[in-house]
Amino acid sequence: LAQGVPVARAAAPAGELARLLTAAQALGVGSALLERTVAYAKQRVQFGVPIGAFQSVKHRLADTLIRIEFARPLVYGAAVTLDPVDIAAAKVAAGEAGYAAARTALQLHGAIGYTEELDLSLWLRKARPLRDAWGTPARCRARVLAGR
């Protein structure tokens, strides 16, 4: 099996690409979760009104949207520059946004979010691993701070 500095140097671009693609996938998962949660909040009725009419639900969904929309240009920018620091910043933002969207979706769907009958459970199981795959948020933040 090949090993050593030349192998590590040759594998580095593949790792960066994997980190960028993971960030893009986390962003997509977060967007899909938000879209499904908004649709559910419009149809789920409590106290005679859709739960989406409650201010606390609106704020939670708005916070999730803001995280996703702030992550989107970082992912697009990293795809253009392919700079490792840009990729690390995109990975942090997209991973955290996707995971926050998963937590919001689970809370607003209630216990039904855990069940296998709802497709939401499939999306929820993707969000957490994507946040940590190819570099945890802590490692990516350290890379951004180090500037390399």
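The values are calculated or read from the model by the stated rules, or taken from the named source; none is laboratory data. Computed from a predicted model, the values in this text were never measured in an experiment. Don't worry about glycine lacking a Cβ; one is built from the backbone with ideal geometry, like all the others, and counts go over all protein chains shown. When the accessible area is computed, the model is the full protein with side chains, heavy atoms only, and any ligands, DNA or RNA have been set aside. Shrake-Rupley method; radii C 1.70, N 1.55, O 1.52, S 1.80 Å.
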Determine, from the Cβ-Cβ distance of Val80 and Arg128 and an R0 of 25 Å, the FRET efficiency 1/(1 + (r/R0)^6), rounded to the nearest 0.05.
0.35
With each label point set 7 Å from Cα along the Cα-Cβ vector, what nm distance links Leu17 and Arg141?
3.0 nm
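Provide the per residue accessible area, probe 1.4 Å, for the stretch 19-147, rounded to a whole number of square angstrom. Write down the numbers at each step before the final one.
Values: 7060 Å² over 129 residues.
Dividing the accessible area of the stretch 19-147 by its residue count gives 55 Å².
Tell me the relative contact order for the chain as a rounded percent, counting alpha carbon contacts under 8 Å between residues six or more apart.
On the way: 182 pairs, mean separation 48.1, N = 148.
Taking the mean separation of contacting Cα pairs over the length of the chain, I get 32 percent.
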For the chain, what does the helix formula give at 222 nm: sum of -39500 (n - 2.57) over DSSP H segments with n ≥ 4, over the residue count, nearest 500 deg cm²/dmol?
-27500 deg cm²/dmol
Inter-site label distance for Gln3 and Val38 at 7 Å from Cα along Cβ, in nm
5.1 nm
Enter the Cα centre distance for the pair the stretch 106-148 and the stretch 16-68, rounded to the nearest angstrom.
13 Å
Report the FRET efficiency, 1/(1 + (r/R0)^6), for Lys58 and Glu117, where r is their Cβ-Cβ distance and R0 is 22 Å, rounded to 0.05.
0.20
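List the longest stretch of the chain that has no exposed loop site; here a site is one of the GluC sites (Glu not before Pro) assigned by DSSP to anything other than H, G, I, E or B, with at most 15 other Cβ within 10 Å.
1-115
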